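Q: Take a look at this one; I'll ask things after.
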Amino acid sequence: FILKETVHSFDYVGKLLTRLKRNMQVNILVVDDSLSVRKYLRTLLERQNFTVIEAVDGLDALALLAETPQIKVVITDYEMPNMSGVELTSKIRRKHPHEKIAIVAISSSNNAMLTARFLKNGANDALNKPFDAEEFYTRIFRNLEYIEQIEEIEFAANHDYLTKIKNRRCFFELSNQALKTANKPSALALLDLDHFKAINDTYGHEAGDIILVQAAQRMAAHFKDGIVARLGGEEFCVLLPETSIDEALGRFEFLCHHFDSFEFKVLTQSLNVTTSIGLVEISQQDLSTALKQADEALYAAKEHGRNQVVQ
Ligand code: GH3
Ligand code: MG
Ligand code: MG
Ligand code: MG
Ligand code: MG
């Protein structure tokens with residue numbers, strides 16, 4: 001089955017160490033009707049610290065995929081009872097795009113068209129039997145890297161670089177989706193930290209950055225059921241889907257008091273920062289109209305002395 005055994009190259013050891021440092025567990029699904037092949041692939045993969053899940057055929061594989069969300073790579077055989085590897089590949093592709101789950105097919109060199117069929121049906125890559133361990137590892141790592149790079153790019157496109165919470169783009173996308181499916185009015189709040197320019201002027205821009213990160217984390221922790229984003233500068237936004245304005249008012253007033261009494265730890269100092277909040281109900285009006293209304297409420301909160309919620 002495998003031509004030769006190779007010792008781990010430094011390349012893999014390096015990748016393995018990065019993986020361990022990041023404390024990431026990667027699940028790989030091995031689909032093969034042969035017990036000995038499954039055991040062999042398991043041995044190879046476990047050497048690289050992958051978590052291996054075994055499926056005995058295509059049906060088994062589809063069931064396991066449905067119940068295990070964290071599978072990033074599927075390695076599939078071709079000839080299996082019930083369903084061929086090519087059929088399995090095309091079934092997986094109907095639900096999972098190639099940048100979310102990589103399918104690496106185990107093809108056979110005495111069937112010239114098989115690799116092409118696998119690739120046409122959505123496999124990311126194919127290995128011809130017999131292959132050696134070095135090639136096996138290279139293909140698995142390359143496909144995994146591709147998926148992880150896409151994940152990083154998606155994260156960067158949807159999150160704010162400083163605070164790591166969602167950004168404006170992501171906020172609009174998720175909120176519009178949530179509002180479309182909402183059956184009740186929702187609550188929308190705009191939050192702006194008070195006198196933040198003075199914080200920067202007094203303690204420096206870096207101190208300001210540290211506070212922004214902590215403030216963002218507090219808001220995200222407070223509204224786990226909502227969509228929390230940094231719109232820009234020291235301005236944040238929260239959508240609480242299907243939440244009444246009364247309930248939201250209580251929760252945002254709580255957050256306001258929480259900010260007021262919380263001491264932001266900046267290097268050796270503890271600083272107090274407050275926030276003003278504009279809150280509106282959002283039911284019929286579109287998101288940008290509701291944001292304008294929230295901005296007016298926020299302006300009123302600033303006018304009335306800051307550190308308060310105005311609806
Ligand atoms: P107000 O209570 O009226 O909101 O006063 P303010 O000083 O917070 O408002 P203003 O809009 O005048 O100033 C916002 C400040 O936020 C100015 C800007 O330097 C600072 N700021 C915006 N983005 C960042 C950032 O990423 N890091 C830091 N440290 N400061 C930022
Ligand atoms: Mg087979
Ligand atoms: Mg501002
Ligand atoms: Mg401000
Ligand atoms: Mg201002």
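Since every read-out is calculated from the coordinates, none of them should be taken as a lab result. Everything numeric here is computed off the predicted structure, so don't read it as measured data. Glycine also receives a Cβ, built like all others from the backbone with ideal geometry; neighbour counts cover every protein chain displayed.
Q: Can you list residues whose amide H is under 5 Å from Val266's amide H, if they're 5+ apart or on another chain and H is modeled 1.01 Å from N?
A: When sequence neighbours closer than 5 places are left aside, the close amide H contacts are Leu271.
Q: Right, next: Comparing Thr243, Thr181, Thr89, which has the greatest mean-square fluctuation in the GNM of the chain with Cα pairs linked when under 10 Å apart?
A: It is Thr181.
Q: Mind putting a number on the dipole of the chain about its Cα centre? Charges go on the C-beta only, +1 for Lys and Arg and -1 for Asp and Glu, and I need it in Debye to the nearest 20. Don't skip to the answer; put the middle values down first.
A: Details: 35 positive and 43 negative charges, 144 e Å.
Once rounded to the nearest 20, the dipole reads 700 debye.
Q: Do any chymotrypsin sites (Phe, Trp or Tyr not before Pro) in region 63-167 lie in a loop, going by DSSP, with at most 13 other beta-carbon atoms within 10 Å of their beta carbon, and if so which?
A: Working: sites: Tyr78, Phe118, Phe131, Phe136, Tyr137, Phe141, Tyr146, Phe155, Tyr161; in loops: Tyr78, Tyr161.
Taking region 63-167 and a limit of 13 other Cβ atoms within 10 Å, the loop chymotrypsin sites (Phe, Trp or Tyr not before Pro) found are Tyr161.
Q: Calculate for the chain the 222 nm mean residue ellipticity that helices alone would give, adding -39,500 (n - 2.57) per DSSP H run of length 4 or more and normalising by residue count, nearest 500 deg cm²/dmol.
A: Working: 11 runs with 153 residues, N = 311.
Result for the chain, helices only: -16000 deg cm²/dmol.
Q: For region 172-241, which trypsin sites (Lys or Arg not before Pro) are in a loop by DSSP, counting at most 16 other Cβ atoms within 10 Å?
A: Working: sites: Lys180, Lys197, Arg218, Lys224, Arg230; in loops: Lys224.
When the trypsin sites (Lys or Arg not before Pro) of region 172-241 are filtered for loop state and at most 16 Cβ neighbours within 10 Å, Lys224 remain.
Q: For Cα pairs less than 8 Å apart in space and 6+ apart in sequence, what is the mean separation divided by the residue count of the chain, i.e. the relative contact order in percent? Intermediate values should be presented prior to the final figure.
A: Numbers: 505 pairs, mean separation 40.8, N = 311.
So the answer I get is 13 percent.
Q: Using the beta-carbon distance between Ala198 and Ile150 and R0 = 35 Å, what value does 1/(1 + (r/R0)^6) give for FRET efficiency, to the nearest 0.05?
A: Working: r = 42 Å, r/R0 = 1.20.
For R0 = 35 Å, the calculated efficiency reads 0.25.
Q: To continue, here is another question. Scan region 55-138 for trypsin sites (Lys or Arg not before Pro) in coil per DSSP, keeping those whose Cβ has at most 16 other Cβ atoms within 10 Å, and list them by number.
A: Numbers: sites: Lys72, Lys91, Arg93, Arg94, Lys95, Lys100, Arg117, Lys120; in loops: Lys100.
Counting only loop positions with at most 16 other Cβ atoms within 10 Å, the trypsin sites (Lys or Arg not before Pro) in region 55-138 are Lys100.
Q: On a C-alpha basis, how far is the centre of region 204-218 from the centre of region 285-308 in Å? Whole number, if you could?
A: Between the Cα centre of region 204-218 and that of region 285-308, the gap is 22 Å.
Q: Could you compute Rg(Cα) / (2.2 N^0.38 Å) for the chain, with N its residue count? Before the final figure, lay out each step's value.
A: Working: Rg = 26.0 Å, N = 311, 2.2 N^0.38 = 19.5 Å.
For the chain, the normalised Cα radius of gyration is 1.34.
Q: How high is the relative contact order of region 152-311, in percent, with contacts defined as C-alpha pairs under 8 Å that are six or more residues apart? Could you put the intermediate results ahead of the total?
A: On the way: 277 pairs, mean separation 44.5, N = 160.
With pairs under 8 Å counted, the relative contact order is 28 percent.
Q: With a ≥ b ≥ c taken as the square roots of the eigenvalues of the C-alpha gyration tensor of region 95-215, please select rounded if a/c is under 1.5 and otherwise prolate if a/b is larger than b/c or oblate if it is not?
A: Working: a/c = 6.47, a/b = 2.17, b/c = 2.98.
Oblate, since a/c reaches 1.5 and b/c is not below a/b.
Q: For His257 paired with Asp132, estimate the spin-label separation in nm (one decimal), with each label point 7 Å from Cα along the Cα-to-Cβ line.
A: 7.0
Q: Taking just the alpha-carbon atoms of region 185-311, what radius of gyration and Dmax come out, in angstrom?
A: Reported Rg and Dmax, both Å: 14.2, 48.
Q: What does the charge count near Asn121 come to, summing +1 for each Lys or Arg and -1 for each Asp or Glu among other residues with Cβ under 11 Å from its Cβ? Before the final figure, lay out each step's value.
A: Numbers: positive: Lys91, Arg93, Arg94, Arg117, Lys120; negative: Glu87.
Surrounding charge for Asn121 is +4.
Q: State the answer as a single residue: which of Ile210, His258, His195 lies farthest towards the positive end of the charge dipole of the chain, with beta carbon charges of +1 for Lys and Arg and -1 for Asp and Glu, about the Cα centre.
A: My answer, from the dipole projection, is Ile210.
Q: How large is ³J(HN,Hα) for each residue in region 84-97, as worked out from phi by the Karplus curve 6.51 cos²θ - 1.76 cosθ + 1.60 (θ = phi - 60°), to whole Hz, x for Gly and Pro?
A: 3J(HN,Hα) across region 84-97, in whole Hz: 6, x, 5, 5, 4, 4, 5, 5, 4, 5, 5, 10, 10, x.
Q: Restricting the count to DSSP beta bridges whose residues both fall in the chain, what percent are antiparallel, rounded to a multiple of 5? Show your work: numbers first, answer last.
A: Values: 23 of 47 bridges.
Among the beta bridges of the chain, antiparallel pairing accounts for roughly 50 percent.
Q: Something else: What net charge do the residues around Leu162 carry, taking every other residue with its C-beta under 9 Å from that of Leu162, with Lys and Arg at +1 and Asp and Glu at -1?
A: 0
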